[in-house]
1. Could you please give the count of residues in segment 9-31 that are over 14 Å from the mean Cα position of the chain (by Cα) and β-branched (Val, Ile, Thr)?
2. Please enumerate the residues belonging to segment 5-23 that are at pLDDT 90 or above and more than 12 Å from residue 36 (Cα to Cα).
3. Could you tell me which residue of segment 22-42 is surrounded by the fewest Cβ atoms within 10 Å (Cβ to Cβ), considering only residues that are without any contact (Cβ under 8 Å) to a residue 24 or more places away in the chain and closer than 16 Å to residue 10 by Cβ?
4. Tell me which residues, restricted to segment 1-36, are of a type in the set (A, V, I, L, M) and outside any helix (DSSP H, G or I).
5. State whether the residues of segment 49-57 include one that is charged (D, E, K, R), modelled with pLDDT under 90 and surrounded by 10 or more Cβ atoms within 10 Å (Cβ to Cβ).
Amino acid sequence: MSNERLVLLLVGVIVLASAALAALVNINFLWLTGLMGLNLIQAAFTGTCPGVFILSEIGLIGRGQAAE
């Protein structure tokens, strides 16, 4: 799986989880959904994504692949 698809998968899971948590636990979990939206907007304008850095730090993608 490419880095781009892995980051999109991660953001999608976080958005769905936060929406479910907002519906079932506390409405304040929608802030997490908003933050993921802002992250996607920031990544579209700058071409960099903090998610790639985090995934490379925890070892899910290699450091050389983070620039793809």
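1. 2
2. Let us first name the residues in segment 5-23 that are at pLDDT 90 or above, namely 12-23.
Answer for segment 5-23, where residues must be at pLDDT 90 or above and more than 12 Å from residue 36 (Cα to Cα): 20, 21, 22, 23.
3. Within segment 22-42, the first condition is being without any contact (Cβ under 8 Å) to a residue 24 or more places away in the chain, and the residues that meet it are 22-35, 37-38, 41-42.
Adding the requirement that they be closer than 16 Å to residue 10 by Cβ leaves 32-33, 35, 37-38, 42.
Details: 32: 16, 33: 17, 35: 13, 37: 12, 38: 10, 42: 13.
Once the filter is applied, the top-ranked residue is 38.
4. Matches in segment 1-36: 1, 25.
5. The answer is yes; a qualifying residue exists.
The values are calculated or read from the model by the stated rules, or taken from the named source; none is laboratory data. In this text the structure is predicted, and so the values were computed from the model without any measurement. Note that we place each Cβ from the backbone using ideal geometry, even for glycine, and neighbour counts take in every protein chain shown.
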